[in-house]
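Working notes for the structure below.
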Amino acid sequence: MIYRSLGNTDIKVSLIALGTMTYGEQNTEAEAFEQMDYAFEQGINFFDVAEMYPIPPNQETYGASEVMVGNWLKARGVRDKVVVATKVTGNVGHNSGFEYIRGGPRLSAAHIKQAVEGSLKRLQTDVIDLYQLHWPERTTNFFGRLGFQQAKDEDVYSLQESLSAMSDLVAEGKVRTVGLSNETPWGVMESCRLANEFDIPRVVSVQNPYNLLNRTYEVGLSEISIREQIGLLAYSPLAFGVLTGKYIGGAKPEKARLTLYTRFGRYNNPQSEVATEAYAKLAAEHGLSLTELALAFVNQQQFLTANIIGATTMEQLRADIDSVNTHLSDEALEGIEAIHRENSNPAP
């Protein structure tokens, strides 16, 4: 396994991180334990979760992923060997359907301090290594929205309030480092400004989508990651499984995410299908599976801190983790760029 520094800290995290958003929905606790055991044996020391997991979210399963991770940490006695990251849920479109989370989740100081107590209890730990804002409180362009229009009469808590609250948690010893997720270049640089002006901890990471079908992170955020030492924690590196090739030709594999849940349509469009078929052909030309090509591409990015993989089966998990041993040649990378020029970011 390869390890990289988390931001400008001395915390070392594995290049491959284990995502847990299927625990409690597509995976039972026994299956989650098997996954975590194997990942840990392979040198993965970075587990990512969130208070609202599993996905799709609902009241009955709220917090289940954290509970399973916490149970595993206690059962295996390896808390000091694992870097645990989780996230606080914020405003969800006026919180329609999410009232079961604190009566409607926000990123106010009060909500953040209440949320962390729940996560600490479910994870059965005294401290969270990386605490992240799951998405911005403000209305901005994330979750596939590219254009930005400022909302009128926007009722939001400021990023300053959110980060100041997380700074308090660091001072109290409940959180070691803080990070952002689904954030924009403005949001990351604003967080840097606030850290300098108000002497609060700098964020150490940004957890955003990044894959062969969505390379929008490169446009404004990649330079920030490198120059400010705020590395990317890439989620959806396989684009909800589309970049395994299992959906090519309209296939609907049994128990696959896009088969089970129609809400995940972000990577399921004609442009993405064309690009995926081209990447699959390129992978075969270089003696690789499409999964290997897609994950190795993410792994080799200079601005990356960790690649968050998720799996529902052990076969998938083994293949995903093995990607750390795949290095793409210059010819393969040139082939990727050629396809990207023809069909750039078909699923932003």
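Couple of notes before you dig in:
- Across every direction, the projection of the convex hull enclosing the Cα atoms of the chain has a mean area of 16.6 nm².
- Taking 0.36 nm per residue of sequence separation and removing the Cα-Cα distance, the ALA110/ILE248 pair yields an extension gain of 45.0 nm.
- Potential lengthening of the chain between ASP168 and ASP153 amounts to 2.5 nm, from the contour at 0.36 nm per residue minus the alpha-carbon distance.
- Cβ-based charge dipole, the chain, positive-most Cα from PHE198, LEU333, GLN302: PHE198
- Applying 1/(1 + (r/R0)^6) with r as the Cβ-Cβ distance of GLU34 and ARG341 and R0 = 45 angstrom yields a FRET efficiency of 0.60.
- Backbone phi angles across segment 72-82, fed through the Karplus curve with coefficients 6.51, -1.76 and 1.60 (θ = phi - 60°), yield HN-Hα couplings of 5, 4, 5, 5, 8, x, 10, 3, 6, 10, 10 Hz in residue order; Gly and Pro are listed as x.
- Reach of LYS174 by Cα under 15 Å, taken over aspartates and glutamates that are not fewer than 8 positions away in the same chain: ASP80, GLU117, ASP126, ASP129
- Dipole magnitude of the chain, debye to nearest 20 (Cβ charges: Lys/Arg +1, Asp/Glu -1, about Cα centre): 400
- Per residue convex hull volume, Cα atoms of segment 267-348, in Å³: 110
- Extending 7 Å from Cα along the Cβ direction at ASN325 and again at ILE226 yields two label points whose distance is 3.0 nm.
- Residue-wise HN-Hα couplings along segment 40-55, as the Karplus relation 6.51 cos²θ - 1.76 cosθ + 1.60 with θ = phi - 60° gives them from phi, are 4, 4, 8, x, 6, 10, 10, 10, 10, 9, 7, 4, 8, 6, x, 10 Hz; Gly and Pro carry x.
- The mean accessible area for residues of segment 99-164, using a 1.4 Å probe and ignoring ligands and nucleic acids, is 50 Å² per residue.
- The charge dipole of segment 124-185, taken about its Cα centre with unit charges on the Cβ atoms of Lys, Arg (+1), Asp and Glu (-1) only, comes to about 240 debye.
- Backbone geometry of segment 125-142 corresponds, through the Karplus equation with coefficients 6.51, -1.76 and 1.60 at θ = phi - 60°, to 3J(HN,Hα) couplings of 9, 8, 8, 9, 6, 9, 10, 10, 6, 5, 7, x, 5, 6, 7, 8, 9, 8 Hz, x marking Gly and Pro.
- Residues whose amide H lies under 5 Å from that of ARG106, counting only those 5 or more places away or on a different chain, are absent; hydrogens are built 1.01 Å from N in the peptide plane.
- Furthest towards positive pole of dipole, THR20, ASN141, TYR3, structure part segment 1-152, Cβ charges: ASN141
- Relative to the Cα centre, the charge distribution of segment 16-65, modelled as +1 at Lys and Arg Cβ and -1 at Asp and Glu Cβ, gives a dipole magnitude of about 140 debye.
- With the helix formula -39500 (n - 2.57) applied to DSSP H stretches of n ≥ 4, the chain reaches a computed 222 nm mean residue ellipticity of -12000 deg cm²/dmol.
- GNM result for the chain, Cα springs below 10 Å: residue of GLU117, GLU228, GLU331 fluctuating most strongly: GLU331
- Separation of the ASP10 and ASP126 label points, Cα + 7 Å toward Cβ, nm: 1.9
- Listed residues SER181, SER329, SER164, most fluctuating in the chain (Gaussian network, C-alpha, under 10 Å): SER329
- Accessible-area composition of the chain, carbon plus sulfur, in percent [1.4 Å probe]: 48
- Residue with peak Gaussian network fluctuation, the chain [Cα springs, cutoff 10 Å], from GLU41, GLU51, GLU137: GLU41
The values are calculated or read from the model by the stated rules, or taken from the named source; none is laboratory data. Only a predicted model underlies this, so the values are computations on that prediction, with no experimental measurement involved. Positions of Cβ are generated from backbone atoms using ideal geometry, with glycine treated the same way; all protein chains shown enter the neighbour counts. Accessible surface areas use protein heavy atoms only, side chains included; no ligands, DNA or RNA. Shrake-Rupley method; radii C 1.70, N 1.55, O 1.52, S 1.80 Å.
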